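Below is one structure, written out as structure tokens; comments come after it.
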Amino acid sequence: MSAVLNSPRPDADDPTSSLEQVANRLLEGLRWQARIFHVGQYCGRWRASTSGHSQASFHLVLHGRCWLHRPGHPCVALGPRDGVFLLRDMPHFISPYEDANIACPAQPMQPLQATGSLGATGLACGFFSFDGPTQALVTGAFPDVLVLRAGQEATADTALLFELMLREAQRSAEPGSAALDRLSGLLFFYALRQLAVTEPQVGGVLGLLRQPGFAPLVLQLLEAPEQPWSVEAMARHVHLSRAALFRRFQSACGQSPLQFLLLIRMQVATQRLSRGESIARVAEAVGYESVAAFARAFKRTMGQQPGAWRRSEACQDGPSSA
């Protein structure tokens, strides 16, 4: 399944504004990393692919036009400032032809030009990753392929990012630019955030947020995780019975309400730990009466004690974090 971002941005006074707030908070709780694999331009007959690396990947069209081909799926036309994000490793390739059967030999990229030679296509291609307590819940709601379209109101904010990428790529034609890595990560964040709010095909926990009362409930969980939330309290918030609330959560994300609450608390905890707050303060801030109880819950969810997790985060020197 794939989705294209072309829906209008919700108005600030629209009821979906709470959905946008929650989607933004959930996505901000993930740790993003993006790495440019190659940047430049192709001319003539060519093909490019990032498949086979067991990583999520992306192709950003800086200028020119091309086509995305995936076995068993319709081809997708891509133009200037369009981007395609493949959330899972899958067979695919990009070429200048709509017909996937036209033979296109592999060839090296050429240095990127400002507007490109006649018929040339400028690309920035790379890999990305994201992790955190709610990673599986959030990213599992999205389709395998996300197409970011230029020229639409919902994605107008990305035009500047593409322009900055083009300028940076001209300065540094070789991959490894920290600025390019960060800009590509920001583009991916914009794409996911807009899809979460505007695309009706999105399911999972993001689909659950579209049901009456659930976006305000999750926003309250994020803003006040220290409160003694119970299933009864959550059910009252959305005017459902305990059984109905459990069924909604289980159907949408495979979690009980209390398991979902645990993940929310751990997301808030990792953010506060990353800011340097003491473990005791973080434990209290997310609703635990003792550091020992918090540490047990944290290790069960994150696989490490809070102190060890913070030290490992401090030691990481990935290419970028958006």
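Where a number appears in this text, it was derived from the coordinates with a stated rule and is not lab data. Here the structure is a predicted model, which means the values were calculated and not measured. A quick note on method: Cβ atoms are made from the backbone with ideal geometry, for glycine too, and the neighbour counts reach across all protein chains shown.
Quick notes on this one:
- Size of charge dipole - region 228-320 - debye, nearest 20, with Cβ of Lys, Arg +1 and Asp, Glu -1, no other charges: 200 debye
- Estimated at 0.36 nm per residue, the fully extended path between Q305 and R167 surpasses their Cα-Cα distance by 45.4 nm.
- With Cα atoms, 0 to 90° folded angle of helix 178-198 axis to the chain main axis: 60 degrees
- Environment charge of R88, counting only residues whose C-beta is closer than 13 Å and scoring Lys/Arg +1, Asp/Glu -1: -1
- Charge tally in the Cβ shell below 14 Å around V238, where Lys, Arg are +1 and Asp, Glu are -1, V238 excluded: +4
- Candidates per trypsin sites (Lys or Arg not before Pro) in region 232-322, loop by DSSP, up to 12 other Cβ within 10 Å: R275
- Label-point gap, in nm, between R236 and R65 - each point 7 angstrom along Cα→Cβ: 6.0 nm
- Principal-axis analysis of the Cα atoms of the chain puts helix 291-302 at an angle of about 30° to the longest axis.
- Summed residue charge, Cβ within 12 Å of V202's Cβ, Lys/Arg positive, Asp/Glu negative: +1
- Exposed-loop-free span, longest in the chain, where GluC sites (Glu not before Pro) count as exposed if DSSP calls them loop and at most 16 other C-beta atoms lie within 10 Å: 99-225
- Compared with the direct C-alpha span, the chain from D89 to Q55 gains 11.7 nm at full extension, assuming 0.36 nm per residue.
- Label selected from [x] 23.6, 76; [y] 21.4, 66; [z] 19.7, 64, the criterion being Rg and Dmax of the Cα atoms in Å as computed here: [y]
- Angle of helix 242-253 to the longest C-alpha principal axis of the chain, folded into 0 to 90 degrees and rounded to 10: 20°.
- Calculated FRET efficiency for the pair C75/R296, C-beta based, R₀ 56 Å, to 0.05: 0.65
- For the chain, averaging the sequence separation of C-alpha pairs within contact (under 8 Å, six or more residues apart) and dividing by the residue count gives a relative contact order of 24 percent.
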